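Some notes on the structure that comes next.
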Amino acid sequence: MSLSLRFLGTSASRPTVERNVSSIALVREGETLLFDCGEGTQRQMMRYGISFSLADIFFSHFHADHVLGVVGLMRTMALQGRTEALRLWGPKGAHKVLRRAEGFGVERLGFPVEITELAEGEAVKRKGYSVLAFPVAHHGAPSFGYALVEEDRLGRFDPERARELGVPEGPLWGQLHRGTAITLDDGRVVEPSALVGEPRPGRRVVVTGDTRPCEATAEASRDADLLVHEATFADEEAERAKDTGHSTAREAAEIACAAGVRRLVLTHISARYSRDAADLEREARSVFPETAVARDGMEVEIPFRGAEDATPADAGADSRNEKARR
């Protein structure tokens, strides 16, 4: 089951020649979730192959560089004849800001817009996963980070043992894998525990939005497969980062270390590092080596842990061996 992020905008506060403002598309098995929607996001979606048929946009907060793009995006959706509902999620203030965006420039869109203000710790539950909103520390606005958390997967099925026990390959393998005991033609009962290992964890991906380093991020990111953390400044601007409610690359790396994540990607890059973010990457890697600085258009795939150990597809498991790409 594929899971990837496409960085549509990686600049802080204002666009640059190299970077658009904040937006990230998460694509999970064909379903797209958008996190923030800065000015020009719809053009970035077209440029990098992200479908306008998405149904959910999660806003970290309502500073202009994270929300202005939703006006144009909704206008385009309307012009394309969209009829399906668009669901918008965010912290306190979502109704006020997003209703204004919905009505800006037209009398009506032609499709319903559903706006939900989330509470701290509230989870949006979907089939196979949930999106958890957690509080972050950013000046001047109620702000959330989001963690996509997949449900545990079925344990690994042992096909060789199944053959040894005389269980014919096919539907009976699937029943056992899903936890149902079976009875063979000779009357023997085979329990799932004889062939199926312990449940395996799903994936966890965390996107912070704008924030100072904080314990809530570390907790939400505990053992995550990927942490996307803002890194607006380098150490030389540490005081400015503190004054403006942002993080340095080193601080983001320290959170990644504390949380025990597998990979860290830095985004929300100040214009001063737009062309060359090598200093940010070097600074973060001195603390947390598995760090990359995002660039517009970059795609990051998130494989299952142990994905190289394939399970038979007819036992209901994913057998794809994904690779991470920059």
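The values are calculated or read from the model by the stated rules, or taken from the named source; none is laboratory data. This one's a predicted model, so the numbers in the text were calculated from it and none came from an experiment. Please note: Cβ atoms are built from the backbone with ideal geometry, for glycine as well, and neighbour counts cover all protein chains shown. Areas reflect the complete protein model, heavy atoms only, side chains present, ligands, DNA and RNA absent. Shrake-Rupley method; radii C 1.70, N 1.55, O 1.52, S 1.80 Å.
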What nm value, rounded to one decimal, do you get for the distance between Glu114 and Arg222 when each label is placed 7 Å out toward the C-beta? 3.1
What does the accessible area of Leu226 come to, in Å² to the nearest 10, when a probe of 1.4 Å is used? 0
Hey, quick one: spin label on Glu164, modelled 7 Å out along Cα-Cβ, who in the range 178-203 has an amide N within reach, i.e. under 16 Å? 190-197
Computed label-point distance, nm, for sites Arg282 and Thr83 using a 7 Å Cα→Cβ extension: 5.8
I'd like to compare 29-41, 183-195: which one has the highest average count of other Cβ atoms within 10 Å, and what's the full order after that? 29-41, 183-195
Shape parameters for the range 123-273, alpha-carbon atoms, Rg then Dmax in Å: 22.8, 75
Rounded to a whole number of µm²/s, how large is the Stokes-Einstein D of the range 196-285 at 4 °C and 1.567 mPa s, given Rh as the Kirkwood radius over C-alpha pairs? 97
What are the semi-axes of the equivalent ellipsoid of the range 61-133, taken as the square roots of 5 times the eigenvalues of the Cα gyration tensor, listed largest first and rounded to whole Å? 23, 16, 10
Apply 1/(1 + (r/R0)^6) to the Cβ-Cβ distance of Arg100 and Asp186, taking R0 = 56 Å, and write down the FRET efficiency to the nearest 0.05. 0.20
For the range 87-155 and the range 230-247, distance of Cα centres in Å: 26
Bounding extents of the range 1-91 in its principal axis frame from Cα atoms, largest first in Å, are 32, 30, 28
Could you give the Stokes-Einstein D for the chain in µm² per second, using the C-alpha Kirkwood radius, 20 °C, 1.002 mPa s? 102
How about the range 147-194: which GluC sites (Glu not before Pro) there lie in a loop by DSSP and see at most 15 other Cβ atoms within 10 Å? Glu151, Glu169
Could you give me the ³J(HN,Hα) list for the range 131-143, computed from phi with Karplus coefficients 6.51, -1.76, 1.60 and θ = phi - 60°, whole Hz, x at Gly and Pro? 10, 9, 8, 10, x, 10, 10, 10, 5, x, 6, x, 9
Please list, ordered by chain and number, the residues whose modelled amide H lies under 5 Å from the amide H of Asp56; skip anything fewer than 5 residues away on the same chain. Leu34, Arg87
Take Ser130 and Glu239, extend 7 Å from each Cα along the Cα→Cβ direction, and tell me the distance between the two endpoints in nm. 4.4
